[in-house]
Amino acid sequence: MTAFPAGTILGYPRIGRRRELKRAVEAFWAGRIDEQQLENAAAELRAANRERLAELGLGRDDSSIPEASSYYDQVLDAAVAVGAIPARFDDLRDADGAIGLPAYFTVARGEGDRAPLEMTKWFDSNYHYLVPEIGPETTFSLSSDRLVREVAEAAAAGFRTRPVIVGPVTLLALAKASDAAPEGFDPLSRLDDVVAVYAELLTKLKDAGAEWVQLDEPALVSESLPADSAQLADAAQRALAVLGAAAERPAVLVAAPYASLGGTLDVLAAAPIEAIGIDLVRGEVPASLPELGGKVLVGGVIDGHNIWRGDLAAAFDKLERLRALGAEHVSASTSTSLLHVPHDVQDESRLDARLVSWLAFADQKVEQVVTLARGLAEGRAAIAAELDAATAALADRHDAPGVRDGAVRDRVLDTTDFSRVPYADREAAQLALDLPALPLTTIGSFPQTADIRRARAQFSRGEVPQDDYEAFLRAEIDRVVALQEDLGLDVLVHGEAERNDMVQYFAEHLDGFAVTENGWVQSYGSRATRPSILWGDVSRPAPITVSWAAYAQSLSAKHVKGMLTGPVTILAWSFVRDDQPLGETADQVALALRDEIADLEAAGIAIIQVDEPALRELLPLKRADQAAYLDWSVNSFRLATGGAAAATQIHTHLCYSEFGVVIDAIRALDADVTSIEAARSRMEVVADIAAQGFDHGIGPGVYDIHSPRVPSVAEVEALLRRAVDELPLRQLWVNPDCGLKTRGYDETVASLRNIVEATRRVREDVNVPA
Ligand code: GLN
Ligand code: ZN
């Protein structure tokens, strides 16, 4: 067997330091560049990344550099590689059955009446993947040689890289049954057929020069999937038996990031593969190791999820413990792909130097891995200076001003008030809001046009005086309010033009946060977010949203919703301090929001939405950890909203549709109205909600804002009728799936018009005055 490198990473950011891939992909979609130009731009980025990784100390030819780029999503990449696209896209294949780049993007984004694949969150991260649709009719065959070509491309540039692909078990475990599948169909039942294609792919990768291949199998660590651990372990065993026996193949690393493998480690240890990657940041070093049969144990000891420099000495200890437990071949790695962190802390010129010394972005993490690899090869003494420096930075961080603020801590300890009056009393008090049946609203943001982004950027660079900028924002609010009045929506929003991002905006106005310039992290497809860094105790020096909400309200006789981001989401979409329990940090944020809500009420805002789209995302993958999480997360929301008057209607918005999984938590949030995603899954979720019992207000989305498609009146009407059939009218709201900020105005206005018209038809039919 070819040796595995002493240090590696499971993956690297894919969008480029300056979001080059985003620009190229979006230019291609807009028709500004052709396919070849896009291919060239992407190839250039891949080449730059390989060079950079080699510069940082990974080997050019020892398979330590992962070949793990993607034009949109790695789950879609795997599905397309094995030909598993829904039948509705079959006509987009080339004559030989291959799925080219334009077809790939169509599957991701939809087109005309063809809905795209559903999108959902990837394990406990803020990355979204596309959900494959698999049925008995799915034909599996090698349908893209992209990964093979990229390995060859690397070889031509003098690199021997390690191709990475989502493994067969995870591909199927994350898939949903296709429309054509019979009731109760389990995509995992197609395992043997899929694995045959993976075997073929492995042979091709070997031919292209790959000595190692990485199969990502995070499904094996999750306890939150339809398949249970035993089924997944069994599937892994069967799949790897076949892949291991493939005639000509690279050595296989199976990586199981995001949590501990538990008993499944035994299954992998017994499988005919050559290396196992385990997550030792979210998971612990096991008490004992199974017989590894000479396999390499790739210890994920550098946090791929977070940006802290962390305790390097403790990371090295973990690797030494693996050795002490009998692992002959130990390699240092990141716990997950570095997809979840930005490129390079050296790209941040505006961050405080002291803060910078506590941080490690992707490139710094690569250096950490390289250091640990050297320690493994040469002994601890060889890296003592690096370990000591990291330890010193930790101590410096502990004692720095702002990290602990006595007043904030005392207030958290003193607050015990978490509940509002009973829902029935609030419902009665809120009749005064005088809303029609099936009230029409949006989730908050309106399209963020190039003008808006430009104005914000100019203001943040100090090129535009505050007064001018605020006048610009007021004009924007004027426009958005007028538009909503014209469309006939019932509860209006101010449009969020002042917000670059629903978390960063709050981070910029709260103490305890820092924001980055270039710290982009892929969220889905070509979209990226710039998480803030929550490094110290959090407090609110002054009201944040009140003047905008009050201004918008002054323009309309209808209610304008105040719009806040909830504590859990602020944590989930920031890089959060790792030196205290998340629940403590959440309570600090909650108290700041509680003050904001009181100020909004005082300014005459009667409906306030506190978005918690990330509630589900932070849910621990392990069942044993879930109750404690739900407890602190729900409490922080209640702490934030618990001071609101009975007559104030509190809304929340959740960005997903797996309502069932966290139904108890959603109930416990006790928001008066909850909006959720439902359009892509064609309202499947309302049946769930009805079955589970839920009596507060609910707005299942009728417009999929992740796609440029405009839903027709008939389509929205069908969705609404389904909702009305399943749930009492008094509970239902009508809204899009999510905020409109990523959409253009044409499609937004057309879609909202269709939604209003569909609602009018349904209202007429259920005999309520419109
Ligand atoms: N209020 C936010 C918006 O409309 C909610 C976005 C979200 O849930 N991701 O943009
Ligand atoms: Zn949303």
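Odds and ends about this structure:
- Scan of region 704-763 for residues that are under 30 Å from the mean Cα position of the chain (by Cα), under 17 Å from Ala678 (Cα atoms) and among the polar types (S, T, N, Q), ordered by number: Ser707, Ser712, Gln731, Asn735, Ser751, Asn754
- Residue match in region 58-78 (condition: under 17 Å from Gln214 (Cβ atoms), assigned to a helix (DSSP H, G or I) and open to solvent by 10 Å² or more (accessible area, probe 1.4 Å)): yes
- When we screen Ala251, Ala227 for residues that are out of contact with any Phe, Trp or Tyr (no Cβ under 7 Å at 6 or more places or on another chain) and surrounded by fewer than 24 Cβ atoms within 10 Å (Cβ to Cβ), the only hit is Ala227.
- Filter result for Ser141 (hydroxyl-bearing (Ser, Thr, Tyr), part of a loop (DSSP other than H, G, I, E, B) and at pLDDT 95 or above): yes
- Flag if Ala557 is buried (at least 21 other Cβ atoms within 10 Å of the Cβ) and farther than 24 Å from Gly402 by Cβ: no
- Among all residues of region 658-671, there is none that is touching an Asp or Glu at 6+ places or on another chain (Cβ under 7 Å), open to solvent by 20 Å² or more (accessible area, probe 1.4 Å) and within 16 Å of ligand 1 (Cβ to nearest atom).
Here's the yes/no breakdown for (1) of a type in the set (A, V, I, L, M); (2) away from ligand 1 (no atom under 16 Å from the Cβ); (3) within 23 Å of Glu617 (Cβ to Cβ):
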{"position": "Met683", "(1), (2), (3)": "yes, yes, yes"}
{"position": "Ile689", "(1), (2), (3)": "yes, yes, yes"}
{"position": "Ile698", "(1), (2), (3)": "yes, no, yes"}
{"position": "His706", "(1), (2), (3)": "no, no, yes"}
{"position": "Ala718", "(1), (2), (3)": "yes, yes, no"}
{"position": "Asp725", "(1), (2), (3)": "no, yes, no"}
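- Unmet criterion (only one of (1) surrounded by fewer than 21 Cβ atoms within 10 Å (Cβ to Cβ); (2) at pLDDT 95 or above) for Leu720: (1)
- Residue among Arg420, Arg404, Arg426, Arg397 that alone is away from ligand 2 (no atom under 16 Å from the Cβ) and open to solvent by 60 Å² or more (accessible area, probe 1.4 Å): Arg404
- Residues within region 689-724 that are part of a helix (DSSP H, G or I) and closer than 19 Å to Val762 by Cα, tallied: 12
- Residue within region 476-497 that is touching a residue at least 12 places away in the same chain (Cβ under 8 Å), open to solvent by 30 Å² or more (accessible area, probe 1.4 Å) and under 16 Å from Met563 (Cα atoms) present: no
- If you go through region 716-750 and keep only what is within 16 Å of ligand 2 (Cβ to nearest atom) and not basic (Lys, Arg), you end up with Trp733, Val734, Asn735, Pro736, Asp737, Cys738, Gly739, Leu740, Thr742, Thr748.
- Set side by side, the residues Ile605, Ile544 differ, and just one is within 16 Å of ligand 1 (Cβ to nearest atom) and open to solvent by less than 10 Å² (accessible area, probe 1.4 Å), which is Ile605.
- Of the residues making up region 357-387, those that are surrounded by fewer than 19 Cβ atoms within 10 Å (Cβ to Cβ) and over 23 Å from Arg50 (Cβ atoms) number 8.
- Selection from region 258-270 of residues that are open to solvent by less than 10 Å² (accessible area, probe 1.4 Å) and either assigned to a strand (DSSP E or B) or over 15 Å from Ala219 (Cβ atoms) (or both): Ala269
- Answer residue from region 179-213, given it is open to solvent by less than 20 Å² (accessible area, probe 1.4 Å) and among the β-branched types (Val, Ile, Thr) and is farthest from Val82 (Cα to Cα) among those: Val213
- Output for region 731-770, where each listed residue is open to solvent by 60 Å² or more (accessible area, probe 1.4 Å) and closer than 29 Å to Met502 by Cβ: Lys741, Asp746, Arg753
- Evaluation of Tyr505 against (1) assigned to a helix (DSSP H, G or I); (2) over 19 Å from the mean Cα position of the chain (by Cα); (3) more than 25 Å from Leu752 (Cα to Cα) (one fails), failing number: (2)
- Test for Lys176: is it surrounded by fewer than 23 Cβ atoms within 10 Å (Cβ to Cβ) and farther than 27 Å from Asp90 by Cβ: no
Per-residue answers, yes or no, for (1) more than 24 Å from Gly642 (Cβ to Cβ); (2) within 16 Å of ligand 1 (Cβ to nearest atom); (3) at pLDDT 95 or above:
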site: Asp414; (1), (2), (3): no, no, no
site: Pro447; (1), (2), (3): yes, yes, yes
site: Glu470; (1), (2), (3): yes, no, yes
site: Ala482; (1), (2), (3): yes, no, yes
site: Glu496; (1), (2), (3): yes, yes, yes
site: Asn500; (1), (2), (3): yes, yes, no
site: Gln504; (1), (2), (3): yes, yes, no
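- When residues in region 508-525 are screened for being assigned to a loop (DSSP other than H, G, I, E, B) and either hydrophobic (A, V, I, L, M, F, W, C) or at positive phi (or both), 4 of them pass.
- Residue match in region 681-688 (condition: in a helix (DSSP H, G or I) and buried (at least 22 other Cβ atoms within 10 Å of the Cβ)): yes
- Selection of first residues in region 118-139 that are at positive phi and of second residues that are of a type in the set (Asp, Glu), restricted to Cβ pairs under 9 Å at least 6 apart or on distinct chains, gives the following pairs, ordered by first then second residue: Phe123/Glu617.
- Residues in region 79-100 that are assigned to a helix (DSSP H, G or I) and either in contact with a Ser or Thr (Cβ under 8 Å, 6 or more places away or on another chain) or open to solvent by 10 Å² or more (accessible area, probe 1.4 Å) (or both): Val80, Ala81, Ala87, Arg88, Phe89, Asp90, Asp91, Leu92.
- Hits in region 324-356 - residues which are of a type in the set (Gly, Ala, Ser) and open to solvent by less than 10 Å² (accessible area, probe 1.4 Å): Ala327, Ser331, Ala332, Ser333, Ser335
- Check on Asp746, at pLDDT 95 or above and either under 20 Å from Glu118 (Cα atoms) or not in a strand (DSSP E or B) (or both): yes
The values are calculated or read from the model by the stated rules, or taken from the named source; none is laboratory data. Quick caveat, the model's predicted, so the values are computed rather than measured. Because the Cβ atoms are built from the backbone with ideal geometry, glycine has one as well, and the counts that use them run over all protein chains shown. Quick note on the areas: whole protein, heavy atoms, side chains included, nothing else; ligands and nucleic acids left out. Shrake-Rupley method; radii C 1.70, N 1.55, O 1.52, S 1.80 Å.
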